[in-house]
1. Measure out, as a whole number of angstrom, how far apart the alpha-carbon centroids of the range 247-272 and the range 178-202 sit.
2. Helix hunt in the chain: which complete DSSP H runs extend at least 18 Å axially by C-alpha with mean Kyte-Doolittle at least -1.0?
3. Efficiency by 1/(1 + (r/R0)^6): what FRET value for ARG59 and LEU286, r their Cβ-Cβ distance, R0 = 51 Å, to the nearest 0.05?
4. Which order results if SER212, SER248, SER414, SER219 are arranged by neighbouring Cβ count within 10 Å, fewest first?
5. What is the distance in Å between the Cα centroid of the range 329-373 and that of the range 426-444?
6. How much net charge surrounds VAL325 when only the other residues with a Cβ under 13 Å from the Cβ of VAL325 are counted, with Lys and Arg +1 and Asp and Glu -1?
7. Using only the Cα atoms of the range 349-472, build the gyration tensor, take square roots of its eigenvalues as a ≥ b ≥ c, and label the shape rounded, prolate or oblate: rounded if a/c is under 1.5, else prolate if a/b is larger than b/c, else oblate.
8. Obtain the nm distance between the two label points defined at VAL323 and ALA295 by a simple spin-label model: each point lies 7 Å from its Cα along the Cα-to-C-beta direction.
Amino acid sequence: MKRQDTPIIAGLLADILYAYGFFLLIPSLIGLFNAEYTQALIFGVGATLFIPVFFVLRRKTSGGDIKYRHTAMALALAWISLSLFSCIPFVVHGMSWINALFESFSAWTDTGLTMIPHPEDLPVSLSFFRVLMQWVSGLGIVMFMLFLHGSSPRAAQSFFQAEGRFEDFTTNLWQVGRIVVLIYIGYTLTGSLLLWILGVPPFHALTHAITSLSTGGFSTNPVGVGLYGTWPSIVALGLMLCGGISFSSHQALLSGNVKKFFRNPEIRALFAIIVGASGLLLLEQLLSTGHITQALGSVFYAVTAITTCGAGTILSLTEVPDVFVFTLIFLMISGAVYGSTTGALKLWRLIILWKIVRREVRRPFYPTGTLMPIRMGHNLITEKVALQVAAYVLLYLAVGLVGSLIFMLMGYRSLDALFTVFSAQGNVGLNAMPEALYYGMSPLLKLQLIFHMLIGRMEIFPLLYLLHGLRE
């Protein structure tokens, strides 16, 4: 990292932490309203420190010529900084530092793995802070920052690319921001209202709508939205699907352009995989038990795994056959649509990888020198992009397998190791271990899972840029 890069990165980071100060006002006000004065004080002090301090810092740091490496490194630092600061309210509440860090990183990476066995015992303000982090993470730090106070178009565009979001920047930046925020808020309020109408208490309706749409998966109870019955589970399932589809596709659908929506190969692949995986999970349940007792549970887990939501239901993963769990691993590795709130590899990369393999299989049957371009819909995929996709998929799988091997060396079953690591790395949040084994995990393994959450959310390369820059 060159010396002239430092003020640019510091300025971008100051922008995000300045916005974080306003974010802290929300749980502080909720704490005051619910007479939770300790929590209100913690959040209030944080807001009064962050807003003025980073207001000054963002003015003193240079704008400069913002490049992708600057935004990638700033975003990596932002995820780490926000997670470190956000663990403090959990520590004050009585959690150990390692568990508080785990909870905070899980929230900001939109993962949903938790070290709180009974979230219903949390103060209301802390419980809402926990899910609000996932809502902002799903929306994207960049969009939250833009919504609060704005940023330069070039900086915001680079931030979007670093977060794995590629919205249409041919239109005005504020137009893009307004559309995305309105869609996100609209779906959140609609989902909350539907859950409330179906009998879910208002606070729990809002929190489950937030974590379903953001595909974060946190719950205010140990079971999940399935605790409230069949219809609330179906509403949550619909919100997860919305979260797994890109904002630009939502814009096309809401504007009445249904053909454009279904013309997206990722959308078609997503629905095809969900139908196929749901049928497979139902078949596995039938073959192992002789009957289907939880049809909705099988469909629910297919959707929650591929959208990387990780929400729970009445059907416990500790009670299903191993082949059921193994199938979910593939869905958690896959992920949903690029430019959505989801994590994991995403279907965009997998479709390109499939097209690369298909092309190489067919190549010997064509004359030497024949051009065989790769297309995604109407877009031509360059060889450079195809190579980057193949490299990323290989690196992603390698990191996950090495992490799983470490868990196996610590005495965990191979299936549990693979499931837990790829659940963390895909920012999913599902857990198939018995509670005693999961909550009794060693601090070193918790730190390892935090690492997997972070590289999954950062899509590996921005974090590597940060490490490379710090080394230099």
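1. The range 247-272 and the range 178-202 have Cα centres separated by 21 Å.
2. Working: long enough: 5-33 (44 Å, 1.63); 37-60 (34 Å, 1.10); 68-86 (27 Å, 0.98); 124-139 (22 Å, 1.24); 173-197 (36 Å, 1.50); 230-243 (20 Å, 1.54); 265-289 (36 Å, 1.31); 322-334 (19 Å, 2.33); 347-362 (22 Å, 0.38); 383-409 (39 Å, 1.81); 443-458 (22 Å, 1.09).
What comes out of the filter, once short or polar helices are dropped, is 5-33, 37-60, 68-86, 124-139, 173-197, 230-243, 265-289, 322-334, 347-362, 383-409, 443-458.
3. Numbers: r = 64 Å, r/R0 = 1.25.
My answer for the efficiency is 0.20.
4. Details: SER212 35, SER248 23, SER414 11, SER219 28.
By the 10 Å Cβ count, ascending, the order reads SER414, SER248, SER219, SER212.
5. Spelled out, the Cα-based centre of one part sits 31 Å from the other.
6. -3
7. Details: a/c = 3.01, a/b = 1.99, b/c = 1.51.
It comes out prolate by the Cα gyration axes.
8. Here the modelled spin labels are 2.1 nm apart.
FYI, it's all coordinate maths here, none of it is from the lab. Keep in mind that what you see is a predicted model, and the values were worked out from it rather than measured. Glycine also receives a Cβ, built like all others from the backbone with ideal geometry; neighbour counts cover every protein chain displayed.
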